[in-house]
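A short write-up of the structure that comes next.
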Amino acid sequence: MKLEVEIISKEIIKPSSPTPDHLRHYQLSFLDQISPLVYNPTVLFYSSDGTTEFNRTTISNHLKKSLSDVLTHYYPFAGRINGKNFIDCNDEGIPYFQAKVKCKLVDVIHKPVPGELNHLVPFQLDDITDILFGVQLNVFECGGIAIGVCLSHQIADALSFFTFINSWAAIANGSQAALPNPQFVSAKLFPPRNISGFDPRGGIMKDNIICKMFVFEASVVENLRARYADKTSFENEKLPTRVEALSAFIWSRYVAVTRDQSGPQRTHAVVHAVNLRPKMEPPLPPESFGNYYRISMTIPLLNTEEECHGLVKLVRDQIKKIDKDYVRKLQEGNEHLDFLKNNSYRVLVKGELVSFSITSLCRFPLYDSDFGWGKPTWVGSPALTFKNLVVFIDTKTGGGIEAYVSLKVEDMAKFEADEEVLACVNKD
């Protein structure tokens, strides 16, 4: 359904206490510098079920007060990015919008349309500015609310984003005693570099791209795990994980429906985002703030109908290569930057590489955000501005996975009509 959203107020929220002078200059790390120039979005929905009565003014004041307080802990958010290398932590504040949505909350979350959720967040995702963070409080006709938030990918990855949201919620509901202390040390661990010749906007597209959400129930995912558990290749190893199996399935169906147009001369690559925190020596705690991720690239062989059975093992072997030695090289030299420059050139200019990117937010603390009126009814992602991208999010209950799949319009038409896909997705 088409969402009608009316912005009824705009203001700026500033930290409740000023940032000390010695913290005014926040240096971006090398990994921040090479992260995409987009906003990461999320929308948290809270139903009004009769027991929870939402008063818009009370709720809004509650959110603004706690937001002002949490910004003192996450002081870079309220600053402004200065060029490509640092944030001026000047307490200018963050935009806070209030909006009315002309429908009921259940109408949105029953069969979510990711592209429509973009109306519930404060920024266009590819229209990056010097503002790093924004909030939009959406109030539905039924009294339910949705909190739409955007954070610049220039300063943080998804784990940092959700850690922040949960810290904000903890302050709002009075449980800040257990608040994690954000650690802003990324520029020391990954010093900034001269990235001229590398384009952080590479891969960003908004024309002719559509994002749809497909729900895979737990039983389906378990069947896929069993299907790809080739006894020979997984001898003495763990069977495919939920994410490994679903990655293999979605990628294999994408290749199957687009094989004719890709041509024999093109190479396929499956790209997974990998959290570096546990790979460090010593490992970093989850509250380490910044972009602590890198990508693992797998080039599968496309010579048989059964190629996806071997994909799980190939992907696992590639991800294993992102270890403490990999991290050390990343910290020490320009090897990775050279790779990125060369790879970006191949993808963008020659079109030789058909890349398919997969990001998993499974097991992330998406449903922990209780601002004082209970945990979210549902957490959704607006459509992202990338082609051939899949984002996995746990269903709230039941152990299933919601897959947000972004493809070219003509590829999506084939993908969603594929008989194997149709046999696996929840049609409710």
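The values are calculated or read from the model by the stated rules, or taken from the named source; none is laboratory data. Keep in mind that what you see is a predicted model, and the values were worked out from it rather than measured. Using ideal geometry, Cβ is built from the backbone for each residue, glycine included, and neighbour counts are taken over all protein chains shown. Ligands, DNA and RNA are stripped out before the accessible areas are found, and what is left, the full protein with its side chains, is counted by its heavy atoms. Shrake-Rupley method; radii C 1.70, N 1.55, O 1.52, S 1.80 Å.
The residues of region 374-417 that are surrounded by fewer than 16 Cβ atoms within 10 Å (Cβ to Cβ) and closer than 19 Å to Ala245 by Cβ, listed by number, are Gly398, Gly399. From the list Val139, Val185, the one residue that fits, being hydrophobic (A, V, I, L, M, F, W, C) and within 21 Å of Gly79 (Cα to Cα), is Val185. When the strands (runs of 3 or more DSSP E) confined to region 1-50 are screened for residues that are farther than 14 Å from Gly134 by Cα and β-branched (Val, Ile, Thr), those reaching at least 1 such residues are found at 5-13. Tell me whether region 369-381 contains one or more residues that are within 20 Å of Arg277 (Cα to Cα) and touching a strand residue (DSSP E or B) at 6+ places or on another chain (Cβ under 7 Å). No, because not a single residue in region 369-381 is within 20 Å of Arg277 (Cα to Cα) and touching a strand residue (DSSP E or B) at 6+ places or on another chain (Cβ under 7 Å).
Pairing residues of region 55-80 that are free of Cβ contacts under 8 Å to residues at least 60 places away in the same chain with residues that are buried (at least 22 other Cβ atoms within 10 Å of the Cβ) and part of a helix (DSSP H, G or I), at Cβ distances under 6 Å and at least 6 apart in sequence or on separate chains, gives Leu71/Phe77; Leu71/Ala78.
When Ser48 is tested against (1) closer than 30 Å to Ser360 by Cα; (2) of a type in the set (S, T, N, Q); (3) modelled with pLDDT of 95 or more; (4) surrounded by fewer than 21 Cβ atoms within 10 Å (Cβ to Cβ), exactly one condition is not met: (3).
Which one of these is of a type outside the set (S, T, N, Q) and under 26 Å from Asn138 (Cβ atoms): Asp418, Asp368? Reasoning before the result, please.
On the way: Asp418 fails: under 26 Å from Asn138 (Cβ atoms).
Asp368 is the lone residue from the list that is of a type outside the set (S, T, N, Q) and under 26 Å from Asn138 (Cβ atoms).
Of the candidates Cys150, Cys142, the single residue that is open to solvent by 10 Å² or more (accessible area, probe 1.4 Å), outside any helix (DSSP H, G or I) and either under 20 Å from Ile87 (Cα atoms) or modelled with pLDDT under 95 (or both) is Cys142.
If you go through region 86-98 one residue at a time, do you hit one that is of a type in the set (A, V, I, L, M, F, W, C), under 21 Å from the mean Cα position of the chain (by Cα) and within 18 Å of Leu132 (Cα to Cα)?
The initial filter retains those residues of region 86-98 that are of a type in the set (A, V, I, L, M, F, W, C), namely 86-87, 89, 94, 97.
Then drop every residue that is not under 21 Å from the mean Cα position of the chain (by Cα), which leaves 94.
Those still in the list that are within 18 Å of Leu132 (Cα to Cα) too: 94.
Yes - at least one qualifying residue is present in region 86-98.
Checking each residue in region 258-280 for being open to solvent by less than 40 Å² (accessible area, probe 1.4 Å), at pLDDT 90 or above and either farther than 12 Å from Arg316 by Cβ or part of a helix (DSSP H, G or I) (or both) picks out Val271, Leu276, Arg277, Met280.
Just one of the listed residues (Ala170, Ala158, Ala187) is over 17 Å from the mean Cα position of the chain (by Cα), modelled with pLDDT of 90 or more and crowded, with 21+ Cβ neighbours inside 10 Å, namely Ala170.
Does Gly115 qualify as being under 28 Å from Trp378 (Cα atoms), surrounded by fewer than 21 Cβ atoms within 10 Å (Cβ to Cβ) and touching a residue at least 12 places away in the same chain (Cβ under 8 Å)? So that I can check it myself, show each step before the final result.
On the way: under 28 Å from Trp378 (Cα atoms): yes; surrounded by fewer than 21 Cβ atoms within 10 Å (Cβ to Cβ): yes; touching a residue at least 12 places away in the same chain (Cβ under 8 Å): yes.
When the stated conditions are applied, Gly115 passes them.
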